[in-house]
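The values are calculated or read from the model by the stated rules, or taken from the named source; none is laboratory data. If you're wondering where the values come from, they're calculated on a predicted model, not measured in any experiment. Neighbour counts run over all protein chains shown; Cβ positions are idealised from the backbone, glycine included.
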Amino acid sequence: MQASNDTKYVLLSIQPQYADKIFEGAKTVELRRTFPKVEGSQWVIVYVSTPIKAIIGAFQINHIIADNPIEIWNQVKDAAGITREQFDTYYNGINTGYGIFIKQVIKYPEPIPLNKIREQIDNFSVPQNFRYMDSEIANSLNLLSFE
């Protein structure tokens, strides 16, 4: 992955069971209640939440859909890695959700634990959902060292 100095990446916090499915290829769409505007083929850096607490890899976005939950389910039910009941619970009470279709995944040889991230980045806070990360920070953590 090559980046100019003004490239912004999305750092996405994902629960361990769903991150595992993404990197195993069993989940090819990530579901979100909110998601930032991104350009096609952008890379998303994956932070796995408790109990792992580490950046473990990245995935490249193929495309994103934004729609009402019923329409999203019709398009993702075989790729989301969750049951209909889990889906309905997650999207309960919202009118628009997002499906992020995954083009390519790269799992890092070694996870980058939260304490190491905090050694490299002052005042690093774990995203509840997502946050932007510029290429300078990503480079300092050696997150961009793959093609």
* Among all residue pairs at least 6 apart or on different chains, which show Cβ distances below 7 Å where the first residue, located in the stretch 10-28, is closer than 20 Å to Trp73 by Cα and the second is among the basic types (Lys, Arg) and part of a helix (DSSP H, G or I)? -> Lys27/Lys21
* **Pick from the stretch 129-139, criterion assigned to a helix (DSSP H, G or I) and among the polar types (S, T, N, Q), ranking: nearest to the chain's Cα centre (by Cα)** => Ser135
* Give the residue that is surrounded by the fewest Cβ atoms within 10 Å (Cβ to Cβ), with candidates limited to residues of the stretch 24-37 that are modelled with pLDDT under 90 and under 12 Å from the mean Cα position of the chain (by Cα). => Pro36
* **Matching residues in the stretch 87-103 - criterion: being over 17 Å from the mean Cα position of the chain (by Cα), assigned to a helix (DSSP H, G or I), surrounded by fewer than 17 Cβ atoms within 10 Å (Cβ to Cβ) and not charged (D, E, K, R)** => Thr89
* Please work out which residue is surrounded by the fewest Cβ atoms within 10 Å (Cβ to Cβ), limiting yourself to the stretch 51-86 and to residues that are touching a residue at least 24 places away in the same chain (Cβ under 8 Å) and part of a loop (DSSP other than H, G, I, E, B). => Pro51
* Structure fact -> Scanning the stretch 104-123 for residues that are more than 15 Å from the chain's Cα centre (by Cα), assigned to a strand (DSSP E or B) and exposed (fewer than 13 other Cβ atoms within 10 Å of the Cβ) gives Pro109, Glu110
* Of all residues in the stretch 96-128, how many are more than 23 Å from Glu39 (Cα to Cα) and of a type in the set (S, T, N, Q)? -> 4
* Asked: Just one of the numbered conditions (1) touching a Lys or Arg at 6+ places or on another chain (Cβ under 7 Å); (2) assigned to a loop (DSSP other than H, G, I, E, B); (3) surrounded by 12 or more Cβ atoms within 10 Å (Cβ to Cβ) is not true of Val126; which one?
  -> (1)
* **Selection count, the stretch 89-147, where residues are out of contact with any strand residue (DSSP E or B) (no Cβ under 8 Å at 6 or more places or on another chain), within 23 Å of Ala79 (Cα to Cα) and touching a residue at least 24 places away in the same chain (Cβ under 8 Å)** => 2
